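Report on one structure; see the data block that follows.
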Amino acid sequence: MVGDGDRQELTRRGDVLATRRREYDEDDVRVRPGKSSRPRTRTRPRHENAIDGFVIAVDRGRYTCVLPDTGPEAPTVTAMRARELGRKSVVVGDRVGLVGDTSGAPGALARIVRIAERSSVLRRTAEDDATTAEGRLERVVVANADQLVIVSALADPPPRTGFIDRCLVAAFDADIEPLLCLTKADLAGPEAVLDYYTELELPYVLIRPDSALDALRALLAGRVSVLVGHSGVGKSTLVNRLVPEADRAVGTVSAIGRGRHTSTSAVALRLPDAAEGWIIDTPGVRSFGLAHVSAESLLHGFPDLVEGTVDCPANCQHTADEADCALDAWVAAGKADPRRLASYRRLLASRSGEGDPREPDRNPGDPLAGS
Ligand SMILES: Nc1nc2c(ncn2[C@@H]2O[C@H](COP(=O)(O)OP(=O)(O)OP(=O)(O)O)[C@@H](O)[C@H]2O)c(=O)[nH]1
Ligand SMILES: [Mg+2]
């Protein structure tokens, strides 16, 4: 039996809970109930006081941020994540809300209380195969990039169009504009690679140690660009040329054309002068897994093939064993390079768990084809 007095007491408690519940925002949904019995409202940072920051580096739970409208001389702000962010990851390129000590003084620590909606998210998976746990392990490489600079050396290590194709798929999937950056043009010519992409009208730049970088600088100005590529292709070397004070460590390439994974984390660097842009150096990757991209979306990375699928039967999977896939006729008619179709089909196959996507010899007739 609940007496009147008790009922009032219950109602009052209910009101208090309801009020508290209304004060929570969507971030609280992800918070696991803490062991502490203190009301969470009291420990929550005051979001309305948060100031904007841009994450330029992440290192063992510490986030280096710059504040907008501050010049290159302004101190950076070191921050940690507020507990209430839950499992949301903060990555380089994120625009965040900061509270606490944002002075940038030595030892000062701010807190990230908010992650702004991302205009783009570049992801990659460890493997292609979405049917295995490792395959599904997904990493956000960077947030809010507007340009994906696919860096490939023309030699040492040799170019791999399979890898470039994967990056193109990731770029189209994330709605980030691709730019092909062919380095070490002093060691080999770009003809073979450019020939492969003839149908694509892919913007590209050629880099040699003594080349002027004006064309590249113009393409980077005013944008957030992220460099991706195998280890040893010269990403950090390029960043050091673009941003002389960057001082990024540069590695050597072994006799068999393998880089040494010199860079170990992504870092955003402000482009000098009036360029108003950012360039993000990333660690070299062995592969660019695409398990997070649907089979349907894979095709968007192959704009030269898209039109060829118009005559395909309904539900055509476009694989090599689809007898009526119209892509074979499309390529036979010279509308696209047969190597591009082979590359697309290799990706389709590796997504469904067939074969090792990183195995460069899957197409022995085509030395460029590895990924
Ligand atoms: N010949 C030649 N060598 C280059 C060029 N660019 C870079 N290198 C050399 O390539 C090697 C690797 O360069 P890095 O800049 O460390 O390569 P990275 O892509 O940052 O490698 P990771 O950090 O391991 O991913 C260094 O020995 C550079 O001197 C180039 O245009 N021509
Ligand atoms: Mg590097």
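With the range 184-298 as the region, which helices (runs of 4 or more DSSP H) entirely inside it contain at least 1 residues that are buried (at least 20 other Cβ atoms within 10 Å of the Cβ) and more than 16 Å from ligand 2 (Cβ to nearest atom)? So that I can check it myself, show each step before the final result.
Values: elements: 191-196, 214-220, 235-242, 295-298.
Result: 191-196, 214-220, 295-298.
Looking at the range 299-326, which of the residues that are part of a helix (DSSP H, G or I) and more than 30 Å from the chain's Cα centre (by Cα) is surrounded by the most Cβ atoms within 10 Å (Cβ to Cβ)? Taking the candidates together, the pick is 311. Out of curiosity, is residue 323 under 22 Å from residue 346 (Cα atoms) and of a type in the set (A, V, I, L, M)? Against the criterion (under 22 Å from residue 346 (Cα atoms) and of a type in the set (A, V, I, L, M)), residue 323 qualifies. Within the range 109-124, the presence of at least one residue that is touching a Ser or Thr at 6+ places or on another chain (Cβ under 8 Å) and farther than 20 Å from residue 168 by Cβ is confirmed. For the range 285-317, the set of residues classified as of a type outside the set (Asp, Glu), modelled with pLDDT of 90 or more and over 16 Å from residue 169 (Cβ atoms) consists of 308, 310, 312, 313, 314, 315, 316, 317, listed by residue number.
Does residue 132 count as touching a residue at least 60 places away in the same chain (Cβ under 8 Å), surrounded by fewer than 19 Cβ atoms within 10 Å (Cβ to Cβ) and away from ligand 1 (no atom under 16 Å from the Cβ)? I'd like the intermediate steps shown before the answer.
Details: touching a residue at least 60 places away in the same chain (Cβ under 8 Å): yes; surrounded by fewer than 19 Cβ atoms within 10 Å (Cβ to Cβ): yes; away from ligand 1 (no atom under 16 Å from the Cβ): yes.
Yes, satisfied.
None of 169, 142 is among the β-branched types (Val, Ile, Thr), in contact (Cβ under 8 Å) with a residue 24 or more places away in the chain and closer than 30 Å to residue 76 by Cβ except 142.
Quickly run through the range 158-179 and pick out the residues that are assigned to a loop (DSSP other than H, G, I, E, B) and open to solvent by 10 Å² or more (accessible area, probe 1.4 Å). Passing the criteria: 158, 159, 160, 175.
Inside the range 150-184, can you point out the residues that are under 11 Å from the mean Cα position of the chain (by Cα) and of a type in the set (Val, Ile, Thr)? Answer for the range 150-184, where residues must be under 11 Å from the mean Cα position of the chain (by Cα) and of a type in the set (Val, Ile, Thr): just 176.
Of the residues making up the range 138-152, those that are part of a strand (DSSP E or B), of a type outside the set (A, V, I, L, M, F, W, C) and modelled with pLDDT of 95 or more are 147, 152.
The values are calculated or read from the model by the stated rules, or taken from the named source; none is laboratory data. Quick caveat, the model's predicted, so the values are computed rather than measured. For neighbour counting, all protein chains shown are included, and Cβ atoms are generated from backbone atoms with ideal geometry for every residue, glycine included. Just so you know, the surface numbers come from the protein's heavy atoms only, side chains and all, with ligands and any DNA or RNA stripped out. Shrake-Rupley method; radii C 1.70, N 1.55, O 1.52, S 1.80 Å.
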